[in-house]
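A.B. asks: The following block contains the structure, expressed as structure tokens.
The values are calculated or read from the model by the stated rules, or taken from the named source; none is laboratory data. Remember, predicted model here, so these are calculated numbers, not experimental data. We place every Cβ from the backbone using ideal geometry, glycine too, and count neighbours over all the protein chains shown.
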Amino acid sequence: MEKINRVLLIDDDDITNYMNTRVLNKAEIARQIDVVTDGQAALTYLSNPEHLQADLPLDLILVDIKMSVMDGFDFLERYQHLAPERKAKKLFALSSSASFYDLHRLKDFPDVNGHLSKPLTQADATHLIKEHFFRSSDEDATPLES
């Protein structure tokens, strides 16, 4: 399967970050995986010119919606005001929260492309990449336009 360039994981739990990184590496879906532990650190990451490398653009953000320091909703509120070149091609909420309120609230953020439940599985990661980044035609994978 074709790989996307870069994934940013935003979660305040070190074990979850370790497991998600391991799942993504095992699925072989990304050339690089970066991790930050809260929404504020993610905004700092996204404002760093070093992370705007043209040779390895940010394709995907997976953000937990329940975090300390700055939670996912606060991050999303600020993210929607970033310049387009600072944003990922796709952004998904990744959370163990299945509350109707949280899922409904995600609809208020046009940058959110969907929600994935924790724990992230290799099947979920592979499906997300195939569905949102590459279109299969016979044996060839063609990148989707953002």
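A.B. asks: Quick one: Arg135 ticks every box in (1) modelled with pLDDT under 95; (2) out of contact with any Ser or Thr (no Cβ under 6 Å at 6 or more places or on another chain) bar one, so which box is it?
C.D. replies: (2)
A.B. asks: Report every pair of residues separated by at least 6 positions or lying on different chains whose Cβ atoms are under 8 Å apart, first residue within the range 39-53 and modelled with pLDDT under 85, second in a helix (DSSP H, G or I).
C.D. replies: Pairs that qualify, where the first residue is modelled with pLDDT under 85 and the partner is in a helix (DSSP H, G or I), are His51/Tyr45; Leu52/Glu85; Leu52/Arg86.
A.B. asks: Residues Asp12, Asp34, Asp55: which one is surrounded by 14 or more Cβ atoms within 10 Å (Cβ to Cβ), of a type in the set (Asp, Glu) and not in a strand (DSSP E or B)?
C.D. replies: On inspection, the qualifying residue turns out to be Asp12.
A.B. asks: Further question on the same structure: When only residues in the range 15-29 that are within 12 Å of the chain's Cα centre (by Cα) and in contact (Cβ under 8 Å) with a residue 60 or more places away in the chain count, which is farthest from Asp59 (Cα to Cα)?
C.D. replies: My answer is Asn20.
A.B. asks: Here's another thing I want to ask about it. Which of the residues belonging to the range 58-92 are of a type outside the set (Gly, Ala, Ser) and assigned to a loop (DSSP other than H, G, I, E, B)?
C.D. replies: Asp64, Ile65, Lys66, Met67, Val69, Met70, Asp71, Gln80, His81, Leu82, Lys87, Lys89
A.B. asks: Here is a follow-up. Take the conditions in contact with a Leu (Cβ under 7 Å, 6 or more places away or on another chain) and among the acidic types (Asp, Glu) and apply them to Glu85. Does it pass?
C.D. replies: So Glu85 fits the description; yes.
A.B. asks: Is there any pair with a first residue in the range 118-134 that is part of a helix (DSSP H, G or I) and a second that is loosely packed, with under 13 Cβ neighbours inside 10 Å whose Cβ atoms are under 6 Å apart and which are 6 or more apart or on different chains, and what are they?
C.D. replies: Within 6 Å, the pairs are Gln122/Lys26.
A.B. asks: Would you mind stating whether Leu24 is modelled with pLDDT of 95 or more, in a helix (DSSP H, G or I) and either hydroxyl-bearing (Ser, Thr, Tyr) or closer than 12 Å to Phe75 by Cβ (or both)?
C.D. replies: No.
A.B. asks: I'd like to check something: does the range 93-101 contain any residue that is surrounded by 14 or more Cβ atoms within 10 Å (Cβ to Cβ) and assigned to a loop (DSSP other than H, G, I, E, B)?
C.D. replies: Checking the range 93-101: at least one residue is surrounded by 14 or more Cβ atoms within 10 Å (Cβ to Cβ) and assigned to a loop (DSSP other than H, G, I, E, B).
A.B. asks: While we're here: Assess whether Asn25 counts as being on the phi < 0 side of the Ramachandran plot and buried (at least 18 other Cβ atoms within 10 Å of the Cβ).
C.D. replies: Working: on the phi < 0 side of the Ramachandran plot: yes; buried (at least 18 other Cβ atoms within 10 Å of the Cβ): no.
So Asn25 fails the test.
A.B. asks: Oh, and also: Any idea which residue in the range 29-54 is farthest from Tyr79 (Cα to Cα), counting only those that are in contact with a strand residue (DSSP E or B) (Cβ under 8 Å, 6 or more places away or on another chain) and among the acidic types (Asp, Glu)?
C.D. replies: Filtering the range 29-54 for residues that are in contact with a strand residue (DSSP E or B) (Cβ under 8 Å, 6 or more places away or on another chain) and among the acidic types (Asp, Glu), the one farthest from Tyr79 (Cα to Cα) comes out as Asp34.
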